[in-house]
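What follows is a set of notes on a single structure, which appears directly below.
The values are calculated or read from the model by the stated rules, or taken from the named source; none is laboratory data. Since this is a predicted model, take the numbers as computed values, not measurements. Cβ sites come from the backbone with ideal geometry, for glycine too, and all protein chains shown count toward neighbours. Ligands, DNA and RNA are stripped out before the accessible areas are found, and what is left, the full protein with its side chains, is counted by its heavy atoms. Shrake-Rupley method; radii C 1.70, N 1.55, O 1.52, S 1.80 Å.
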Amino acid sequence: MSQLVLFAIDLCAVVVLVFGLYFPRHRRRDLVVSYLGVNIGVLAVASALSASDTGAGLGLGLALFGVLSIIRLRSTELDQHEVAYYFSALALGILGALSTTSAWLSGGLMALIVVVMFLGDHRRLFRHYRHQILVLDSAITDHGVLVAHLERLLDARVHAVTVQRLDLVNETTVVDVRYALAPPSLAAEPGTPAHAGARG
């Protein structure tokens, strides 16, 4: 399998990753350009470096892209799943550019990345679990009372609560809460408390 075939596989893989998985699921247009640009940019530069006789140059180039990626991620607010797509696009570009003893191995690894992202970011995986940062209009100092209040408010089972800010003057509480919605068949009647208990 020639290098051009690996390029074609990379292009197909990143198209599936971006237009088949990411955009239909998350609808963030600005990151489409980012993912495509990172993939094609890494593919082009890594291909040029791998064609040279200097292995150190290849390592330096890949390290440079890693540093630039970190800077990019720190300059904007990205969710964790968007970071995963970002580095998947990066990995696909590297695999498409590097010549290996087995071209099937590179193609298989590209397919593995796409499959893992398909499964890991599937809507049905842990679909009842949620994460929110809430601002409550009361200052609650007791953890048990706080959990019970959140479960009534969200009509869900709270698994973890972290108090980020407790303002006794303005009577507000800012909490980071992770919870699970009850399945429709098991949901509590409106106005009734949800399941009790949570880890601190």
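Using protein chains only and a probe of 1.4 angstrom, how many square angstrom of PHE126 are accessible, to the nearest 10?
Here the accessible area works out near 140 Å².
Using θ = phi - 60° and the Karplus form 6.51 cos²θ - 1.76 cosθ + 1.60, what ³J(HN,Hα) does each residue of region 128-140 get, whole Hz, x for Gly and Pro?
So the Karplus estimates, Gly and Pro as x, are 8, 8, 9, 9, 9, 10, 10, 10, 8, 8, 8, 8, 10 Hz.
Amide H of ALA156: which non-local residues (sequence gap of 5 or more, or other chain) have their own amide H closer than 5 Å, using H built in the peptide plane?
Amide H neighbours of ALA156: ALA194.
Around LEU119, with a cut-off of 14 angstrom between Cβ atoms, what is the net charge of the other residues, counting Lys and Arg +1 and Asp and Glu -1?
That sum, taken over residues with Cβ under 14 Å, equals +3.
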